[in-house]
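Step one of this worksheet: look at the structure below.
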Amino acid sequence: MPTEDNRKTRLLIVDDEPINIDILSSILADDYELRAATNGRQAIAVAKKQLPDLILLDMVMAEMDGVAVCEALKADESTKGIPIIFVTSMGDPENEERGLQAGAVDYISKPVSPPVVKARVKIHLQNVLTVRFLEGLLSSQTTSIEEAKTQAESLLVFV
């Protein structure tokens, strides 16, 4: 799925267990450009530098858990718009609610189902790309309105 500038869509996979990164990578590598991080601080640094289109984030990690990572990304102006999907073994409703309240857009329980991962990633990417497209249209429309207003005001000066 290409972005509006025709580059391959970028995903960041964050998990402190390399095998889980490998599993998600094998599911998604054909369709997306992938980056990986193995801890929360690294994930935040990569997200700020690379600005991925979507983040797949483990909830349970040493040092900084996924909820803290999600909250930090949502608090930062440069990364707050990146959708985050928790991919975690914490499948109970309380943790799902906790993740969604932290700012995640979705929650996938491990062990993952490849078709479910693909479908949810695709849906959330379509959503974020649609929002970006509409924001671009609105921005250009606002610029056009401002230009028209300026031109109209300049015409009134000569009357």
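The values are calculated or read from the model by the stated rules, or taken from the named source; none is laboratory data. From a predicted model like this one, the values you see are computed outputs, not experimental measurements. Cβ atoms come from the backbone with ideal geometry, glycine included; neighbour counts cover every protein chain shown.
The number of residues in region 115-131 being touching a Leu at 6+ places or on another chain (Cβ under 9 Å) and either more than 14 Å from A29 (Cα to Cα) or surrounded by fewer than 17 Cβ atoms within 10 Å (Cβ to Cβ) (or both) comes to 4.
Counting residues in region 104-114 that are surrounded by 13 or more Cβ atoms within 10 Å (Cβ to Cβ), touching a Gly at 6+ places or on another chain (Cβ under 6 Å) and basic (K, R) gives zero.
Could you tell me which residue of region 98-129 is farthest from the chain's Cα centre (by Cα), considering only residues that are charged (D, E, K, R) and modelled with pLDDT under 95? Filtering first and then ranking leaves K110. Among the residues of region 109-125, the ones that are assigned to a loop (DSSP other than H, G, I, E, B) and in contact (Cβ under 8 Å) with a residue 40 or more places away in the chain come to 2 in all. Among residues of region 37-64 being charged (D, E, K, R) and without any contact (Cβ under 8 Å) to a residue 60 or more places away in the chain, the one that is surrounded by the most Cβ atoms within 10 Å (Cβ to Cβ) is D58.
Restricting to region 65-99, and then to whatever is part of a loop (DSSP other than H, G, I, E, B) and either of a type in the set (K, R) or in contact with a Pro (Cβ under 7 Å, 6 or more places away or on another chain) (or both), can you tell me which residue is surrounded by the fewest Cβ atoms within 10 Å (Cβ to Cβ)? Among those that are part of a loop (DSSP other than H, G, I, E, B) and either of a type in the set (K, R) or in contact with a Pro (Cβ under 7 Å, 6 or more places away or on another chain) (or both), it is K80.
Residue under question is A152, and the condition is that it be surrounded by fewer than 10 Cβ atoms within 10 Å (Cβ to Cβ), over 15 Å from the mean Cα position of the chain (by Cα), part of a helix (DSSP H, G or I) and at pLDDT below 75; does it hold? Criteria met by A152. Got at least one residue in region 111-122 being within 19 Å of A37 (Cβ to Cβ) and in contact with a Cys (Cβ under 8 Å, 6 or more places away or on another chain)? For region 111-122, residues within 19 Å of A37 (Cβ to Cβ) and in contact with a Cys (Cβ under 8 Å, 6 or more places away or on another chain): absent.
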